[in-house]
Amino acid sequence: MSSRVLVLNSGSSSVKYRLFDGAGTLAKGLVERIGEAGGDATDHRAALQRIMAETDLSGLVAVGHRVVHGGAEFAEPTVVDDVVAARIEALIPLAPLHNPAALSGIEVARKLLPDVSQVAVFDTAFHATIPADGVTWAIDAGLAERWQIRRYGFHGTSHAYVSRRTAELLGKDPAETNVITLHLGNGASACAVRGGRSVATSMGMSPQGGLVMGTRSGDIDPTVVFHLHRVAGMSLDEIETSLTRRAGLQGLTGENDLRAVLDRRAAGDPAATLAFDVYCRRIREYVGAYLAVLGRTDAIVFTAGVGENAPLVRATALAGLESLGIAVDPDRNARRDQIISPDGSPIAVCVVPTDEELEIARQALATTQPR
Ligand code: AMP
């Protein structure tokens, strides 16, 4: 049986695609600046038509669609029919910036590839196993229930993939391995994974909470919002834009790319030095929290753009934790080895490249094939 799967990651102005078969990637690409003058395509339909023209989709068994928000109801990748599409649409208020584009991608693919299963793979789904005490905030319970306010968590495909790969790297059964995964990219989140299941994660109702990111603040006291509104006179839209696009590394230094922050820090720039310290300290605070959540931890793993490429972040975030069984070997870290802790460390420290598209393809295929 064919195992060809097309993965589509539809954003508001771009569609990323990758075509897989059992042996690996057959094709990949990006359709950009959708709807803009001089862009690659006028709309999502034209974008998919372009991908279909550029790529041999014969023998395709599934299209895996990345969907950011699956709310409380989607705990698994799900084959999309009219009912599922309507349920995803109903979740738009929870992810107004992300879900509409994914839905356009799904609708277009259903029309243009009607004989192929369309599978929605949700960033939130891996976190459906977090227990109630880990997703509930201590606010008015009636309000929370009525307005679906709770932690959902994101980057689920990455945390799932990386935690499983880490167990394999350590030669352990994923079902018996406890891992703290640190996905540090432009967006960033931490996750505690017990036996292959997420039990805690740092992002909340949206991808705004938790760690310091490229342009997002991560955790702040909600009073910041009231204060900026009442005292600074900013509108809610202005506050949202500030906290999501002009915060994080961008807010502290004017640069959203950690490479630029590291260069300025090396040159002695105080703002870049503080931003780096804030960034690393927040990671360390979450590691400490998740060691306590897990009780027994086998590994701490770094992934995504920063996690895979910034040895200084890895070394700084975990410095001085030897008494907890955590150490980073400077040579292994500098060499970018996969295991960067000394041999025999009670808790391994690893660097494992993430591959969200491969995980989406794997989940889409597993969903369409009889078990
Ligand atoms: P991602 O979202 O996973 O693609 O990660 C993108 C981010 O990774 C960029 O914004 C950079 O801040 C960061 N990054 C990529 N390469 C490096 C590097 N060599 N050193 C530090 N940060 C890096």
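Some notes on this structure:
- Prolate/oblate/rounded label for region 174-321 (Cα gyration tensor, a/c 1.5): oblate
- Inverse of mean 1/r across different Cα pairs in region 15-73, Kirkwood, Å: 13.1
- Peptides ranked, highest mean first, by Cβ atoms within 10 Å: ranges 209-215, 258-264, 132-138: 209-215, 258-264, 132-138
- Entry comment: accessible area of the chain is 46 Å² per residue, from protein heavy atoms only and a probe of 1.4 Å.
- In this structure residue 279 has an accessible area near 10 Å², from a 1.4 Å probe over the protein heavy atoms.
- The GNM of the chain, with springs linking C-alpha atoms under 10 angstrom apart, assigns the highest mean-square fluctuation among 299, 23, 317 to 23.
- Mean residue ellipticity at 222 nm, helices only, the chain: -11500 deg cm²/dmol; runs of at least 4 DSSP H residues each add -39,500 (n - 2.57), and the sum is divided by the number of residues.
- Taking the empirical scaling 2.2 N^0.38 Å for compact globular proteins as reference, the chain has a Cα radius of gyration ratio of 1.01.
- Taking the DSSP beta bridges with both ends in the chain, the antiparallel portion is around 55 percent.
- Summary value for region 135-239: 20 percent relative contact order, contacts being C-alpha pairs under 8 angstrom separated by 6+ residues.
- With the Kirkwood sum run over all distinct C-alpha pairs, region 1-46 has a hydrodynamic radius of 11.5 Å.
- Residues of region 178-217 with amide N under 18 Å of the 7 Å Cα→Cβ point at residue 129: 178-183, 190-203
- Projected label points at residue 224 and residue 246, each 7 Å from Cα along the beta carbon direction, are separated by 1.4 nanometres.
- Taking 42, 297, 354 in turn, the Gaussian network model of the chain (Cα-Cα springs below 10 Å) assigns the largest fluctuation to 42.
- Region 165-217: trypsin sites (Lys or Arg not before Pro) in DSSP loop, at most 16 other beta carbons within 10 Å: 172
- Neighbourhood charge, 10 Å Cβ-Cβ cut-off, centred on residue 26 and excluding it, Lys, Arg +1 and Asp, Glu -1: +1
The values are calculated or read from the model by the stated rules, or taken from the named source; none is laboratory data. All values reported here derive from a predicted model rather than from experimental measurement. Cβ: placed from backbone, ideal geometry, glycine included. Neighbour counts: every protein chain shown. For accessibility, only protein heavy atoms count, side chains too; no ligands or nucleic acids. Shrake-Rupley method; radii C 1.70, N 1.55, O 1.52, S 1.80 Å.
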